[in-house]
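Asker: Just passing along the structure, written as C-alpha cells.
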Amino acid sequence: MKATTGRRSGPAGSGPSSRIGALRQRFDTLAREIAKFGVVGALGVLVNFAVFNLMRHGTDLQVVRASVIATVVAIAFNYVGFRYFTYRDRDKSGRAKELTLFLLFSVVGLVIENGVLYAATYGFGWDSQLQSNVFKFLGMGLATLFRFWSYRSWVFKALPARETVARAESFLDESDVPPVHRVKP
C-alpha cells in the first residue's frame, strides 16, 4: 500500500497549494504594479500641483485653464514614467497605438479631474487657494482610478508569452507529477 501525502491527486497544477501559489503570485505582481504606478503618480501629482500653483498665482489665468495646463504637463511626465519604469516590461510593439490610447485615456482623466474643479469653482463659487487645491486633489483622485484601470487594461498590455511561461513553470514546480516514461516501439 502506498502512503499518501494528503494532497489531492489529479492533473498537475490543480491542487489547492498550486492555486494558492498562483493567486499569491498574481497578488504580488499586482501589488508591485500598484506601487510603481503610485511612485510615478505621486511624482506626477507633485508636478501637477507645482505647475498649477505657479500658473494660478504667477499669471492671470483662470483657475481651470491653469489646471488644464498643469494636467497636460503632468500627463507628459507620467507617460515617460509609466513607459520606462512602471510598465517597462510590457509590450512595446505598437508605440504609436500605445501613445494614442494613452493620450485618449489621459484626456478623459483630464476632463474628470478638471470637471470636479470646474464644478466647485463655477458651480459652487469655491475659488479660494485652499478650495482650488482641495478640489483639484479630489478630481485627481477620481481621474487616477480611471487612469490606472485604463492604462493597465488598454495601453500597457501584458505580454501574453510572460503569462504562458509563468503557468508552464508552475507545472514544473509540482512535486506530485509522475515522471513520463517513453515506450520504445
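The values are calculated or read from the model by the stated rules, or taken from the named source; none is laboratory data. Please read these numbers as outputs of a predicted model, since none were measured by experiment. We place every Cβ from the backbone using ideal geometry, glycine too, and count neighbours over all the protein chains shown. Quick note on the areas: whole protein, heavy atoms, side chains included, nothing else; ligands and nucleic acids left out. Shrake-Rupley method; radii C 1.70, N 1.55, O 1.52, S 1.80 Å.
Asker: Measuring with a 1.4 Å probe in the full set of protein chains, what accessible area per residue, in whole Å², belongs to the stretch 10-93?
Answerer: Normalised by residue count, the accessible surface of the stretch 10-93 is 59 Å².
Asker: Which cross-chain or sequence-distant (5 or more) residues have an amide H under 5 Å from the amide H of LYS157, H modelled 1.01 Å from N in plane?
Answerer: Residues meeting the amide H criterion: ASP91.
Asker: For the stretch 90-99, in order, what is each residue's ³J(HN,Hα) by Karplus, 6.51 cos²θ - 1.76 cosθ + 1.60 with θ = phi - 60°, in whole Hz (x at glycine and Pro)?
Answerer: 8, 3, 10, 6, x, 4, 5, 5, 4, 5
Asker: Oh, and also: About the Cα centre of the stretch 1-155, what is the dipole size in debye to 20, counting +1 per Lys and Arg Cβ and -1 per Asp and Glu Cβ, all else neutral?
Answerer: 1040
Asker: Expected output is a single nm value to one decimal: the length gained when fully extending between ILE34 and LEU142, i.e. 0.36 nm times separation in residues minus the C-alpha distance. What is it?
Answerer: Difference between extended and current length: 37.3 nm.
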